[in-house]
Amino acid sequence: MNLEIAVGNGVRAVSVTRKGALLHVSVDGRTTVVDARRVGEMELSLLVAPDDGSAPVRGVDASLAAQRTSGDFDVHVAGRTIPVQVRLAGSFGRQKTAGAAQGTGPQRITAPMPGKIVRVLVKPGDEVKARQGLVVVEAMKMENELRAARDGRVRDVAVTEGPSVDAGALLLVVE
Amino acid sequence: MNLEIAVGNGVRAVSVTRKGALLHVSVDGRTTVVDARRVGEMELSLLVAPDDGSAPVRGVDASLAAQRTSGDFDVHVAGRTIPVQVRLAGSFGRQKTAGAAQGTGPQRITAPMPGKIVRVLVKPGDEVKARQGLVVVEAMKMENELRAARDGRVRDVAVTEGPSVDAGALLLVVE
Amino acid sequence: MKKILIANRGEIAVRVIRACRDMGIATVAIYSECDRAALHVRLADEAWPVGPSAPRESYLRIDAIIDAAKKSGADAVHPGYGFLAENEDFAAACRDAGLVFIGPSPEAITLMGSKTAARQAAIKAGVPVVPGTEEPLSEQTSDADVLKVAEGIGYPLMLKAVAGGGGKGMRMVSSPAELPASLRAARSEAQSAFGDGAVYLERRILAPRHIEVQLLGDHYGTVLPFVERECSIQRRHQKVIEESPSLSVSPELRRRMTAAAAAVAKTVGYTNAGTIEFLLDSDGSFYFLEMNTRLQVEHPITEMVTGVDLVQWQIRIARGEPLTLDPESLLTPKAHAIECRIYAEDPETGFMPSPGRIQGLRVPHGPGVRDDSGAYEGGEVPIFYDPMISKLITWGETRDHAIARMRRALAEYQVRGIRTTIPFFQWILEDEDFKAARFDTTFIDRKWGAPGSSPLQSRDPAHEELAVIAAAIHMFTRSIATTVAAGEPVSIWKQAGRAEARR
Amino acid sequence: MKKILIANRGEIAVRVIRACRDMGIATVAIYSECDRAALHVRLADEAWPVGPSAPRESYLRIDAIIDAAKKSGADAVHPGYGFLAENEDFAAACRDAGLVFIGPSPEAITLMGSKTAARQAAIKAGVPVVPGTEEPLSEQTSDADVLKVAEGIGYPLMLKAVAGGGGKGMRMVSSPAELPASLRAARSEAQSAFGDGAVYLERRILAPRHIEVQLLGDHYGTVLPFVERECSIQRRHQKVIEESPSLSVSPELRRRMTAAAAAVAKTVGYTNAGTIEFLLDSDGSFYFLEMNTRLQVEHPITEMVTGVDLVQWQIRIARGEPLTLDPESLLTPKAHAIECRIYAEDPETGFMPSPGRIQGLRVPHGPGVRDDSGAYEGGEVPIFYDPMISKLITWGETRDHAIARMRRALAEYQVRGIRTTIPFFQWILEDEDFKAARFDTTFIDRKWGAPGSSPLQSRDPAHEELAVIAAAIHMFTRSIATTVAAGEPVSIWKQAGRAEARR
């Protein structure tokens, strides 16, 4: 099985093959031997072989949480939470290589959670700087300011102050 | 939906109907109004209306564990574990009415867990008293004596000392 | 007292239910629409609906809650913290309805609930206060008048809601130019959170520690203070880590601070549980900040180092029992306890709230670990309420030991499906200054860096590789193949999954 | 000490892993075939296979374990309890392989492992022992010779395995007629459990309490005793509930018993953790019973009332640290702790083992509750090992408080899919004699009644009705209809389920 998995700022080419009781997982050409057991619907107990090629004994308790987009997971591993995006090989195409997360296209600012739009801080045509506040959403008793990821100019503002929006709703676009 | 549910030494005739947001559960003709929410694959949060007919407010956190036989459950409720057997109405027939658990037919002594037969204490033809030891099975570091439920005579002995048996294996029959 | 209604939700409602159960007292939960399946509803003996999900329509509805208490036959009400816990009208409504309010008198709430009146009480008790305005500045006070008052205090200063709490309606103001905007924001936040837009001004103590003293007062004039709590680790003026005792408080200072706290409480005839908050300056002088007239979020660390069940004592005091605790032992901490408040917020994205369904939950266990939680696997974290889902508390023979256990417990803790502040705590607990207890209330602001950035974003490549391996194996071995985002369901993918499932 | 191999499984392996992690020490688990996905494997930094599921082929394989320790680069071994914990060959093999054995010396294990030699050591230390045979009776000793020895001691008497422990190879004998059969049974059990069929005889103390004293000894001659544990609640000579302190031990008696325990340990130059077991007669006299040369199952109650992490101290002692604990505080219990051993056994069917998959698990939480467990939701309880799946410990300001919390915690505890002894504990904890601490080691036998019967069988009809309602609603609302046992899949049933699922 050949996959592409986005993690951090890069995309890894990954393949998994079974050899006897073990799995061989190749990540960007480097192979790791794993003794894997499923211990729950979304939980795996992995024993990973060290680089020296000896037996798989390094314990890695891993579990996954499915995100909204199919194939996207938060992986809980070694006490950390690491978001990954899993696709079949070839799906990401060229645009998502190292550093691509910062992108260059228009920024679509969406509501990260359901909430109420309490303030819209910009209007179409405004020049904005990276990290400048754009819109304030109230949820869970707190006001949360959504900011621009990079410099740009506000193109569309899709919301007004007052109404509530669902998670994922498009709020505005900066280009 | 009409069911028969065996609990303790009796069988209850049960029906469930939905009325708006609530369920009406009739047990042997007595109806209880319940606000039910499924909070897990096998977990329910129930709010039960008291006998006086007022609102369903009595909290009952219930969860079930499926047993080997389909329709058989251990119900965990109010800090207790209560085994029940659920069948469609009419399935139990007449033989399983109050007190029927004590039965009168032959006693089929089966292994309650996988284990090793360490001693067979009776042979075919032996007269046995209620609670007399019949066979000793070793599992989980302990020797466990299986006993007769009532007086009777040993008919068949299906095992010998030494070998291991699976859970549910027939060990002997007392009639 | 046979049946207690808990006028709250979440972990604190669960905490109170457990205390009641330990005492053989029946419990009545209340719930809003979205909380029908919440843990406090599941664990209580009874649960009564009080309205729609918005707090104003349910957990803040005094009439609906009193009605539920009466109908359920409860004889007392525990308010928890937040919501109506410091609302004198609610305390009075309980009293009027013949219900015991498990907390101080409405009069004490009114008095200490006004930040400015509370300052007067502290001054009367001979306890120093931070220099600032003696009278509230109402919403009608003009910007010009506020600027004038501010000038007398000097910059930087703190702008605070008179009815404030939990960091809401609070702003630091560095210069006159900032004042109007901050004033507007603080008033609006205070109005929306407490229904009262009045504010006051205080001199800002630079780099202070936030130290507080838990108190219990009975109905016979006894007020007992407890060993202090150190609550300087704050973000947006909200406590995120608390510990007890404080490494910056010597036994001698402890004696003076706890005596001062008890003096303030006695001045106002305080009963039940309450907490006096102080600012501790770097020169060792301390100032009365405010009193919280309720159980505090961080009460468990005090329980861990003194062995006293504070919620049980709240109930015992409310039913008229005298305080029989040994005052000396309350001031003698047994080793060290620390608490992390686990929030449903994503530290990677500026602590954006992360409500939703908890798909999986692994709670840490073992010696010295306590988890006070309102969450369960499969449960929802609603968007309507405070995003704190649990409090993780560890106890250790020393502070280092308590911190080590906390790090271990955080590594065991998994909340899957939503993001939480667990990584944020892991980051703090590895900080050398934190480990050495070298911090003040500005710690997070200084350490976390500019808004929008996050020290967590520099990932460990080894962990990323493990995450990639785990995700790949999950896809390879899962039995039920699902559609991938790349497009249509891919049959080869499904077949691979099915072939694995048959193995 | 940088990496420790834990030569055990289940809850105690998990307990040791947590202690190591709290100390920044890496952990190596070992596992048998059926334990590949066990919790201790999941939590350890490394996990090495040591053989098939039967203990003799894995957890008792000294060679395989030493091999794993060497290959993993571990520098020390913690044996837990059970398996090889009291095996002098294992301790010696560790030493020979250059591994620190976290426990006493092989010589101390050998000496105190022989019940008869241990009795001699106690006598030498001036501590009274129960009258009985001074020399072991080997498997070759004839029934006639054993009967002769028995006559000298008098009936009733206790027949015990020299290498015994955990109630195995132990029989009460009331008359000469019973002796041959009991002898045969005890020898066979001892042979199978310990590989040694030798036994000895002891006078039976009627209605004694089982009181034990935890000790720590360092390598510099310091031996410190801890406040006693009360372990009289036993079934089949196995402890099921323990508490600390004992209500039957006055401060004066505590001083004498703990001094006696320390004297025995000093006589044999004992190091690391160990426990001296005593029988306490109703007249207040006490007798040395045996020494357990390892960590005890019930060590957490001592940790709860003294604040000392015993496993950490085992490791610290093993790496050469001197005992710096305050001896006085170890003898001064902080309130009260109680432990229930949760077994995968069905109390309704004569405590028949109940292995299998844990379909669902709800662990109790909140103040004063600790759960030391090797179980997880979805995990298997194998048939090969001891059926104890967890230890539930509660702490309270008083004994009553600790018991109340235990009752609450047991009610919260759900282990679904297998049967456990939780209902058994609920029954004991409601007993008036238990609540008043009026009991001795015969308590369960007297109270539980005749074999085959069970006081639990008298069900509460109200709970049965709730169970029926819950089951009916489950069937009505579940989304995936399944075949019912009554015969073929019933389409109307499925349709009802599907209709509900769409709601």
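The values are calculated or read from the model by the stated rules, or taken from the named source; none is laboratory data. The structure displayed is predicted, hence computed values, not measured ones. Every residue, glycine among them, receives a Cβ derived from its backbone with ideal geometry; neighbour counts consider all protein chains shown.
For segment C:332-359, which positions are in contact with a strand residue (DSSP E or B) (Cβ under 7 Å, 6 or more places away or on another chain), closer than 21 Å to D:A335 by Cα and outside any strand (DSSP E or B)? Spell out the reasoning first.
At the first step, the residues of segment C:332-359 found to be in contact with a strand residue (DSSP E or B) (Cβ under 7 Å, 6 or more places away or on another chain) are C:333, C:335-346, C:351-359.
Still in the list and also closer than 21 Å to D:A335 by Cα: C:333, C:335-337.
C:P333, C:A335 - these are the residues of segment C:332-359 that are in contact with a strand residue (DSSP E or B) (Cβ under 7 Å, 6 or more places away or on another chain), closer than 21 Å to D:A335 by Cα and outside any strand (DSSP E or B).
Quick one: in segment C:379-411, of everything that is aromatic (F, W, Y) and over 17 Å from C:E242 (Cβ atoms), which residue is farthest from the chain's Cα centre (by Cα)?
Residues of segment C:379-411 that are aromatic (F, W, Y), as a first pass: C:384-385, C:395.
Within this subset, residues satisfying the condition of being over 17 Å from C:E242 (Cβ atoms) are C:384-385.
Details: C:F384: 16, C:Y385: 13 Å.
If we take residues in segment C:379-411 being aromatic (F, W, Y) and over 17 Å from C:E242 (Cβ atoms), then C:F384 is farthest from the chain's Cα centre (by Cα).
Condition first: within 14 Å of chain D (Cβ to nearest Cβ), of a type in the set (G, A, S) and surrounded by fewer than 13 Cβ atoms within 10 Å (Cβ to Cβ). Now tell me which residues in segment A:27-54 satisfy that.
Step one: filter segment A:27-54 for residues within 14 Å of chain D (Cβ to nearest Cβ), giving A:34-50, A:52-54.
Now restrict to residues that are of a type in the set (G, A, S): A:36, A:40, A:45, A:49, A:53-54.
A:G53, A:S54 - these are the residues of segment A:27-54 that are within 14 Å of chain D (Cβ to nearest Cβ), of a type in the set (G, A, S) and surrounded by fewer than 13 Cβ atoms within 10 Å (Cβ to Cβ).
If you take just the helices (runs of 4 or more DSSP H) that sit entirely in segment C:362-457, which of them hold at least 3 residues that are within 30 Å of C:L43 (Cα to Cα) and among the hydrophobic types (A, V, I, L, M, F, W, C)?
Correct list: C:399-412.
Out of (1) modelled with pLDDT of 85 or more; (2) under 28 Å from D:Q426 (Cβ atoms); (3) within 17 Å of the chain's Cα centre (by Cα), the odd one out for B:L46 is which?
Of (1) modelled with pLDDT of 85 or more; (2) under 28 Å from D:Q426 (Cβ atoms); (3) within 17 Å of the chain's Cα centre (by Cα), only one is false for B:L46: (3).
One residue is enough: does segment C:252-268 have a residue meeting the conditions in the same structural domain as C:R407 (by TED's automatic domain parsing) and under 17 Å from the mean Cα position of the chain (by Cα)? Walk me through how you get there before you give the answer.
As a first pass, look at segment C:252-268 and keep what is in the same structural domain as C:R407 (by TED's automatic domain parsing): C:252-268.
Imposing the further condition that a residue be under 17 Å from the mean Cα position of the chain (by Cα) reduces the set to none.
For segment C:252-268, residues in the same structural domain as C:R407 (by TED's automatic domain parsing) and under 17 Å from the mean Cα position of the chain (by Cα): absent.
Is it true that some residue in segment D:159-167 is of a type outside the set (S, T, Y), assigned to a helix (DSSP H, G or I) and either outside the structural domain of D:T324 (by TED's automatic domain parsing) or touching a residue at least 40 places away in the same chain (Cβ under 8 Å) (or both)?
From segment D:159-167, those of a type outside the set (S, T, Y) are D:159-167; that's our starting set.
Keeping just the survivors that are assigned to a helix (DSSP H, G or I) gives none.
No - not one qualifying residue is present in segment D:159-167.
Within the bounds of segment D:69-79, is there any residue that is of a type in the set (G, A, S), under 17 Å from A:A49 (Cα atoms) and either in the same structural domain as D:M388 (by TED's automatic domain parsing) or part of a helix (DSSP H, G or I) (or both)?
So far as segment D:69-79 goes, yes, one or more of its residues are of a type in the set (G, A, S), under 17 Å from A:A49 (Cα atoms) and either in the same structural domain as D:M388 (by TED's automatic domain parsing) or part of a helix (DSSP H, G or I) (or both).
Residues in segment C:271-302 that are modelled with pLDDT of 95 or more and either part of a loop (DSSP other than H, G, I, E, B) or of a type in the set (A, V, I, L, M) (or both): how many?
Total satisfying the criteria: 13.
Of everything in segment A:90-122, what is among the polar types (S, T, N, Q) and modelled with pLDDT of 75 or more? Give them in sequence order.
Filtering segment A:90-122 down to residues among the polar types (S, T, N, Q) leaves A:91, A:95, A:97, A:102, A:104, A:107, A:110.
Residues satisfying the conditions are A:S91, A:Q107, A:T110.
Could you check, for segment D:42-56, whether at least one of its residues is part of a loop (DSSP other than H, G, I, E, B), within 14 Å of chain C (Cβ to nearest Cβ) and crowded, with 24+ Cβ neighbours inside 10 Å? Lay out the reasoning, then the answer.
As a first pass, look at segment D:42-56 and keep what is part of a loop (DSSP other than H, G, I, E, B): D:44-45, D:52-54.
Remaining after also requiring within 14 Å of chain C (Cβ to nearest Cβ): D:44-45.
Cutting the leftovers down to crowded, with 24+ Cβ neighbours inside 10 Å gives us D:44.
Scanning segment D:42-56, I find at least one residue that is part of a loop (DSSP other than H, G, I, E, B), within 14 Å of chain C (Cβ to nearest Cβ) and crowded, with 24+ Cβ neighbours inside 10 Å, so the answer is yes.
Go through (1) more than 11 Å from every other protein chain (Cβ to nearest Cβ); (2) surrounded by fewer than 23 Cβ atoms within 10 Å (Cβ to Cβ) one by one and return the number of the condition D:H78 breaks.
(2)
Taking segment B:132-167 as the region of interest, how many residues are in a loop (DSSP other than H, G, I, E, B) and more than 28 Å from D:Q191 (Cβ to Cβ)?
Initially, segment B:132-167 is screened for residues in a loop (DSSP other than H, G, I, E, B), giving B:132, B:140-141, B:148-151, B:158-163, B:166-167.
Imposing the further condition that a residue be more than 28 Å from D:Q191 (Cβ to Cβ) reduces the set to B:148-151.
Here the count works out to 4.
Counting only residues that are in a strand (DSSP E or B) and free of Cβ contacts under 8 Å to residues at least 24 places away in the same chain, how many does segment B:16-57 have?
Keep residues of segment B:16-57 that are in a strand (DSSP E or B), which gives B:16-19, B:22-27, B:30-40, B:43-48.
Then drop every residue that is not free of Cβ contacts under 8 Å to residues at least 24 places away in the same chain, which leaves B:16-19, B:23-27, B:30-40, B:43-48.
Going through segment B:16-57 one residue at a time, the tally reaches 26.
What pairs can you find where one residue is in segment A:152-175 and closer than 11 Å to A:A111 by Cα, the other is polar (S, T, N, Q), and their Cβ atoms are less than 7 Å apart, with a gap of 6+ or different chains?
Final answer for the pair search is A:G168/A:T110; A:A169/A:T110; A:L170/A:T110; A:L171/A:T110.
Looking only at segment D:89-112, decide whether some residue is crowded, with 19+ Cβ neighbours inside 10 Å, touching a residue at least 60 places away in the same chain (Cβ under 8 Å) and farther than 30 Å from D:V28 by Cα.
The answer is no, given that none of the residues of segment D:89-112 is crowded, with 19+ Cβ neighbours inside 10 Å, touching a residue at least 60 places away in the same chain (Cβ under 8 Å) and farther than 30 Å from D:V28 by Cα.
Output the number of the condition that D:P382 fails; it satisfies all remaining conditions of (1) of a type outside the set (A, V, I, L, M); (2) over 30 Å from B:R38 (Cβ atoms); (3) surrounded by 23 or more Cβ atoms within 10 Å (Cβ to Cβ).
Of (1) of a type outside the set (A, V, I, L, M); (2) over 30 Å from B:R38 (Cβ atoms); (3) surrounded by 23 or more Cβ atoms within 10 Å (Cβ to Cβ), only one is false for D:P382: (3).
Considering only residues that are surrounded by fewer than 21 Cβ atoms within 10 Å (Cβ to Cβ) and of a type in the set (S, T, Y), look in segment D:172-226 and name the one that is modelled with the lowest pLDDT.
Result: D:S192.
Looking for whichever is at pLDDT 95 or above and at positive phi here; the options are D:G366, D:G320, D:G374. Which one fits?
On the way: D:G366 fails: at pLDDT 95 or above; D:G374 fails: at positive phi.
Exactly one residue qualifies, and that residue is D:G320.
A quick yes/no check of all residues on (1) aliphatic (A, V, I, L, M); (2) in a strand (DSSP E or B); (3) at the interface with chain D (Cβ under 9 Å from one of its Cβ atoms):
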| site | (1), (2), (3) |
| --- | --- |
| B:I5 | yes, yes, yes |
| B:R12 | no, yes, yes |
| B:L64 | yes, yes, yes |
| B:R68 | no, no, no |
| B:F73 | no, yes, yes |
| B:H76 | no, yes, yes |
| B:I82 | yes, yes, yes |
| B:G90 | no, no, yes |
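Any residue in segment D:396-408 that's facing chain C (nearest Cβ under 10 Å): show its pairings with residues that are among the basic types (K, R) and crowded, with 19+ Cβ neighbours inside 10 Å at Cβ separation under 6 Å, as long as the two are six or more apart or on different chains.
Close Cβ pairs (under 6 Å, with a partner that is among the basic types (K, R) and crowded, with 19+ Cβ neighbours inside 10 Å) amount to D:G396/D:R405; D:R408/C:R21.
Say we look at segment D:332-374 and pick out the residues that are over 30 Å from D:S250 (Cβ atoms) and of a type in the set (G, A, S); which of these is nearest to the other protein chains (Cβ to nearest Cβ)?
D:G366
Might you let me know whether segment D:281-288 holds any residue that is acidic (D, E) and over 22 Å from the mean Cα position of the chain (by Cα)?
Residues of segment D:281-288 that are acidic (D, E), as a first pass: D:281, D:283.
Retained after the next criterion (residues that are over 22 Å from the mean Cα position of the chain (by Cα)): D:281, D:283.
Within segment D:281-288, one or more residues are acidic (D, E) and over 22 Å from the mean Cα position of the chain (by Cα).
Which numbered condition trips up D:N8, out of (1) in a loop (DSSP other than H, G, I, E, B); (2) facing another protein chain (nearest Cβ under 9 Å); (3) buried (at least 23 other Cβ atoms within 10 Å of the Cβ)?
(2)
Listed here are the residues, each with its yes/no results for (1) among the polar types (S, T, N, Q); (2) in contact with a Pro (Cβ under 6 Å, 6 or more places away or on another chain); (3) not assigned by TED's automatic domain parsing to the domain that holds C:D22.
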site	(1), (2), (3)
C:T275	yes, no, yes
C:F288	no, no, yes
C:T306	yes, no, yes
C:Q312	yes, no, yes
C:R316	no, no, yes
C:P333	no, yes, yes
C:C340	no, no, yes
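Can you pull out every residue in segment D:29-44 that is among the aliphatic types (A, V, I, L, M) and within 9 Å of D:A13 (Cβ to Cβ)? Write out each step before concluding.
Step one: of segment D:29-44, the residues among the aliphatic types (A, V, I, L, M) are D:29-30, D:37-39, D:41, D:43-44.
Result: D:A29, D:I30, D:A38, D:L39, D:V41, D:L43, D:A44.
Please state which of the following conditions C:E432 fails to meet, knowing it meets all the rest: (1) in contact with a strand residue (DSSP E or B) (Cβ under 7 Å, 6 or more places away or on another chain); (2) surrounded by fewer than 19 Cβ atoms within 10 Å (Cβ to Cβ).
Of everything listed in (1) in contact with a strand residue (DSSP E or B) (Cβ under 7 Å, 6 or more places away or on another chain); (2) surrounded by fewer than 19 Cβ atoms within 10 Å (Cβ to Cβ), C:E432 misses just condition (1).
To keep it simple, each residue is scored yes or no on (1) under 20 Å from C:A118 (Cβ atoms); (2) out of contact with any Lys or Arg (no Cβ under 7 Å at 6 or more places or on another chain).
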{"position": "C:S142", "(1), (2)": "no, yes"}
{"position": "C:D145", "(1), (2)": "no, yes"}
{"position": "C:V149", "(1), (2)": "yes, yes"}
{"position": "C:I153", "(1), (2)": "yes, no"}
{"position": "C:G164", "(1), (2)": "yes, no"}
{"position": "C:G169", "(1), (2)": "yes, no"}
{"position": "C:S174", "(1), (2)": "no, yes"}
{"position": "C:A177", "(1), (2)": "no, yes"}
{"position": "C:P180", "(1), (2)": "no, yes"}
